[in-house]
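Step one of this worksheet: look at the structure below.
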Amino acid sequence: QVQLVESGGGLVQAGGSLTLSCAASGSIFRIGTMGWYRQAPGKQRDLVAAFTGGSTTHYADSVKGRFTISRDDAKKTVYLQMNSLKPEDTAVYYCIAHVGTNGYWGQGTQVTVSS
């Protein structure tokens, strides 16, 4: 079992920045890849950014150049630095960790960007 706890969401004006954190606990030695998804009201949950293997990263086109995923292996934490935020970035952001074919989700953290 893997437990994930996200933090760092909040309300920010357009153009502002936020940093999300995702702390992993439990069977963390079994974790493969980790990443961030988001889900806006009435929409599907979409990939935002992820480590796809080793240090290789993948970003959604809509966030390239604005968001950066990083991690601190010692703290078992993954971060999402979000800059130049736009109202369309408003969503609940979820952290995911893959263990084999299983995906473990955090509880989500709300990000609201006002115009």
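Of Gln39, Gln13, Gln81, all but one fail to be more than 12 Å from the chain's Cα centre (by Cα) and open to solvent by 50 Å² or more (accessible area, probe 1.4 Å); the exception is Gln13.
Among the residues of region 90-115, those identified as open to solvent by less than 20 Å² (accessible area, probe 1.4 Å), in contact with a Lys or Arg (Cβ under 8 Å, 6 or more places away or on another chain) and modelled with pLDDT of 95 or more are Ala91, Tyr93, Val111, Val113.
For region 46-75, the set of residues classified as closer than 15 Å to Leu20 by Cβ, open to solvent by 30 Å² or more (accessible area, probe 1.4 Å) and in contact (Cβ under 8 Å) with a residue 24 or more places away in the chain consists of Arg71, Lys75, listed by residue number.
When region 16-32 is filtered for residues that are over 12 Å from the mean Cα position of the chain (by Cα) and not small (Gly, Ala, Ser), the ones remaining, listed by number, are Ile28, Phe29, Arg30, Ile31.
The values are calculated or read from the model by the stated rules, or taken from the named source; none is laboratory data. It should be emphasised that the depicted structure is a prediction, and the values quoted were computed from it without experimental measurement. A quick note on method: Cβ atoms are made from the backbone with ideal geometry, for glycine too, and the neighbour counts reach across all protein chains shown. Areas reflect the complete protein model, heavy atoms only, side chains present, ligands, DNA and RNA absent. Shrake-Rupley method; radii C 1.70, N 1.55, O 1.52, S 1.80 Å.
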